[in-house]
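Heads up: the structure comes next, in structure tokens.
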Amino acid sequence: MQIINIHEAKTQFSRLIDAVSQGEEIIIAKAGKPAARLVPIQAQKPVLRFGVLKGKIKIAKDFDAPLPEEVLAAFEGS
């Protein structure tokens, strides 16, 4: 963790962003007292919503029935 004053942070902002993107944490101080903290953004996980497609998808009653021989032959390259 680095502690950097505001003037230095303004002049080296790009370098600080590169350091933060590598996982480093940087404290920006004003008059020697910590004022702000630069930290990497954590990727947010998508929210799973169960049941969103309820009633929108229809599954045929014979969806797991064996395929016809000509379809199986096409998949097997015969």
Exercise for the section: Only loop residues by DSSP count here, and only those with at most 16 other Cβ atoms within 10 Å; note down the chymotrypsin sites (Phe, Trp or Tyr not before Pro) in the stretch 5-78 that meet that. Expected result: Phe50, Phe63
Problem - Along each principal axis, Cα extent of the chain, largest first, Å - result: 79, 35, 17
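Do any trypsin sites (Lys or Arg not before Pro) in the chain lie in a DSSP loop with no more than 16 other beta carbon atoms within 10 Å, and if so, which?
Numbers: sites: Lys10, Arg15, Lys30, Arg37, Arg49, Lys54, Lys56, Lys58, Lys61; in loops: Arg49, Lys54, Lys56, Lys58, Lys61.
In loop regions of the chain (DSSP not H, G, I, E or B), the sparsely surrounded trypsin sites (Lys or Arg not before Pro) are Arg49, Lys54, Lys56, Lys58, Lys61.
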Completion exercise
Dividing the helical contributions, -39500 (n - 2.57) per DSSP H run of n ≥ 4, by the residues of the chain yields a 222 nm value, nearest 500 deg cm²/dmol, of -7500 deg cm²/dmol
Handout entry: Length-normalised contact order of the chain in % [C-alpha pairs under 8 Å, at least 6 apart]
Key = 22
Problem - Cut-off under 5 Å, modelled amide H: who pairs with Ile4 long-range - result: Ile27, Ile28, Ala29
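Read the figures in this text as sums done on the coordinates, not as results from a lab. Here the structure is a predicted model, which means the values were calculated and not measured. Note that we place each Cβ from the backbone using ideal geometry, even for glycine, and neighbour counts take in every protein chain shown.
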